[in-house]
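Enquirer: Before we start, here is the structure in question, set down as structure tokens.
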Amino acid sequence: MDGGPIGSGIGQPLRRREDLRLLTGKGHYSDDVALPAQAYAVMLRSPHAHALIRRIAPEAARGMPGVLAVLTGKDLIADGIKPLPNIANTHPADISIQNKDGSPIVRPQQAAIVWPEVSHVGEIVAAVIADSVTAAKDAAERIAVDYDVLPAVTRALRAAEPDAPRARRGFPNIILDGDVGDAAATEAAFARAAHVVRFETWVQRVAGVPMEPRAALGEYNPETGRYTLYAGAGGAVSPRRDLAIVLDVPQGAARVVMQDVGGNFGTRGGFNPEFAIVCWAARRVGRPVKWTGDRSEYFMADHQARDLAVTAELALGRDGAFLAMRGSNLVNQGAYALAFGSLNKGVEIMSSIYHVPAVHFRARAALTNTAPTRPYRSSGRPEVMFVMERLIDLAARETGIDRIELRRKNLVPEAMMPYTNPFGMIYDSGAYHRVVERVLELADWQGFPVRRAEARARGRWRGIGVANYVDTATGAPREKAEVTVLPEGAVEVIIGTVSQGQGHETSFAQLIGEFLGVPHDCVRLVTGDTDRVSVGGGAHSGRALRLGSIVMLNASNEIIEKGLRIASHMLEAATADLEFAGGQFRVTGTDRAIGIFEIARVAASRADLPDDLKGPLRGDSDETVNLAAFPYGCHVCEVEVDAETGHFDIVRYTAVDDCGRAVNPMIVHGQVHGGITQGVGQAVREEIVYDRATGQLLTGSFMDYSMPRADTLPSFTTELSEVPSPTHPLGIRPAGEGGTTPALGVVINALCDALGPLGVSHIEMPATPERVWRAIHHR
């Protein structure tokens, strides 16, 4: 087993080793967990968007067969169950927006079961625990709730109006109102501008729609006073912290276990009310308690995303140089402000990869009577890239300057790296011009006029769009790895990240194979059990492999250093005369060598070694990384539109994305493909819709919420640019979010280019056939 196979380390397109297990039904998801004598929970959810519970009568439900408990908000308060902490992941590289008047930011607290105020449709007002799901559902229907229905508000722009209904008692609708940038410099630049373009848009609300609906199983051990939660999320460590806070117990009295997680994308990355309820209920009834959500519950009650209203202006000189940018971003937080990440991380890169000397933006956050929003794949960045790329196309239309030349002129050149953007973010490196020229070549931009003419001959309107992007990868800055070389020929890696489909079992194993020279298939990951994992930020904001690679590299180097000292004893040679390569410790210039697994056996068994070399061959690394990473790229899209019906097809899609250094190019390409699909889905299909008057959810199932399908998309042409990041020891930048980030802008740019000859300058998202038809025929 000593010595890894050639071609299995960094840069190799290995097939994902987890796929056979997952595709043959051997995955182990939250709903697959079952414990002896478990009971079942069903949540009674509010049918109203905003109301006060005047009376709740659970007595009839409690007397039904099989019912073990009916828990209400009053019971929760009586038992001392605390509100959900909703602790945001913060990073020192991100900007922090505060109220411009200096007042503190106030946020409503979120209870696992609400009382007395209901703030959105789907909030939990009671939980029924029974011997079976059927018994629990029957009992839930017998709970009588008397509501005093209150006015509701669902749109952030409406919430910001002076006469808008209050979304929450005791709180203003606008809970954050800050300024970013230099107002005086921006105003001066606009005063001398030759051209000013203005753009107003609403980037609609969407659902994350992970393949696996949520489930949770809670267990309580009365002998130890310890709770165990089995549930999938973005990572195990922060849910354990939150569970301990809610249950008001020490962290050691809480354990979280997760195995396979069927998608996250950010919207299922937090701590949900059901997690607390099943653990609390398990203590109340003396049995494990399981809850499994269905899709209707998902659309009503799970965290949602996007929902940003923007007004933006771009000032240009006579030659097309960007002078300044200003505007207002207003995010819809929903009923609870879980985090302000999408607002902050959007505003901080509004200028994208262009040199904009002066900026000034107002940034606000609104409470509404809708489900809370959370970060979602490339949190906040697709929205602002959409705004910037639309502004540039509109500026090209107004000035008559070619849209490609306008971009070329204003891209930040490599000579300016590292570059501090006007919001204070420091881009570490980037070959932006090279990426643009490469994608234009791959997409055959020069050949487009021929394709457009051929489409017109068939009665179709063909358009082409381009969009650049930059992505900010920050997230929780601390990560830890514990790497142990086992004598039996395996390497165990304990790390605080959790895969939700990113392929960690393969890519992390490739890293260890590269570092330690072992076969990648001997690497065992331990990630989702807080009894084993003590530190870690999970997977979000492109942090998992970026930070995981650093701590695994450091831990591996510690193992190698220890192994050299052991090999020095075994081979009777000075450590300075030894080298490590290919899993072998060798006396330089000779054939005298010993493998890393033999070194592990010696460390575990030899009594004559120094004390600090005895025991497991192990290395630990606990690092806090305060630098951000900035993936970037450029995408090109072509569409063909039938003007009679508004139907259109995306006929070509080309992408070049820079990930610094690809550990597994095949996995990276897959991430780009998936990201593009999610971005295109928002651009042309997806939208969460609430009735504006009542706050009722109108998109409560896949019958109403349209998803992209295979026939929505062409085969993609994707290529990776690998300009190493100077702020990472391996040159790595994240790759999981780049596909989504420019997709909104590039699709709408292509549509507007197709319909420009018909007088259409903009189409709001989602660009459904009906909306396209109306844009053509009702200008």
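Enquirer: Can you pull the accessible area of residue 343 for me, 1.4 Å probe, Å² to the nearest 10?
Expert: Number for this one is 0 Å².
Enquirer: While we're here: Taking the Cα centroid of region 457-525 and of region 155-175, what is the distance between the two, rounded to the nearest whole Å?
Expert: Value for the Cα centre distance between the two parts: 42 Å.
Enquirer: Could you point to the residue in 139, 96, 115 farthest towards the positive end of region 88-149's charge dipole, with +1 and -1 charges on the Cβ of Lys/Arg and Asp/Glu respectively?
Expert: About the Cα centre, the residue reaching furthest to the positive side is 96.
Enquirer: Heavy atoms only, probe 1.4 Å: what % of the accessible area of region 182-309 goes to carbon and sulfur, would you let me know?
Expert: For region 182-309, the apolar C and S fraction of the accessible surface comes to 50 percent.
Enquirer: Could you do me a favour and compute the accessible area per residue for region 296-454, 1.4 Å probe, result in Å²?
Expert: 28 Å²
Enquirer: Another one. Here are several values of Kirkwood radius over Cα pairs in Å: (1) 27.9; (2) 32.9; (3) 38.4. Which one was derived from the coordinates shown?
Expert: Recomputing Kirkwood radius over Cα pairs in Å here gives the entry labelled (1).
Enquirer: With a 1.4 Å probe and all protein chains left in place, how much of the accessible area of region 510-551 comes from carbon and sulfur atoms, in whole percent?
Expert: 45 percent
Enquirer: What net charge is computed for the residues neighbouring residue 356, neighbours being all others with C-beta under 14 Å from the C-beta of residue 356, Lys and Arg scored +1, Asp and Glu -1?
Expert: Overall, the nearby charge balance is -1.
Enquirer: What whole-number distance in Å separates the alpha-carbon centres of region 11-64 and region 104-146?
Expert: Their Cα centres are 15 Å away from one another.
Enquirer: Express in whole angstrom the spacing between the alpha-carbon centres of region 305-374 and region 596-667.
Expert: 29 Å
Enquirer: Same structure, new question: Quick one: Debye curve from the alpha-carbon atoms of region 582-702 only, equal weights, vacuum; give me log10 I(q)/I(0) at q = 0.18, 0.22 Å⁻¹ to two decimals.
Expert: The computed values of log10 I(q)/I(0) come out as -1.12, -1.24.
Enquirer: Calculate the translational D of region 1-126 in whole µm² s⁻¹ from Stokes-Einstein, where the hydrodynamic radius comes from the Kirkwood formula applied to all Cα pairs, the temperature is 10 °C and the viscosity 1.306 mPa s.
Expert: For these conditions, the coefficient is 77 µm²/s.
Enquirer: Now a separate question. Counting only heavy atoms of protein chains, what accessible area per residue, in Å², does region 631-750 have with a probe of 1.4 Å?
Expert: 32 Å²
Enquirer: What whole-number value in Å² describes the accessible area per residue of region 36-136 for a 1.4 Å probe?
Expert: Each residue of region 36-136 exposes 41 Å² on average to a 1.4 Å probe.
Enquirer: What FRET efficiency do you get for residue 163 and residue 194 if R0 is 45 Å and r is their Cβ-Cβ distance, rounded to the nearest 0.05?
Expert: So the FRET efficiency works out to roughly 0.70.
Enquirer: Carbon and sulfur together cover what percent of the accessible area of region 638-779 at a 1.4 Å probe radius?
Expert: Looking at region 638-779 in its full context, I get 53 percent from C and S.
The values are calculated or read from the model by the stated rules, or taken from the named source; none is laboratory data. Computed from a prediction, not measured in an experiment: that's the story for all the values here. Because the Cβ atoms are built from the backbone with ideal geometry, glycine has one as well, and the counts that use them run over all protein chains shown. SASA here: full protein model, heavy atoms, side chains in, ligands and nucleic acids out. Shrake-Rupley method; radii C 1.70, N 1.55, O 1.52, S 1.80 Å.
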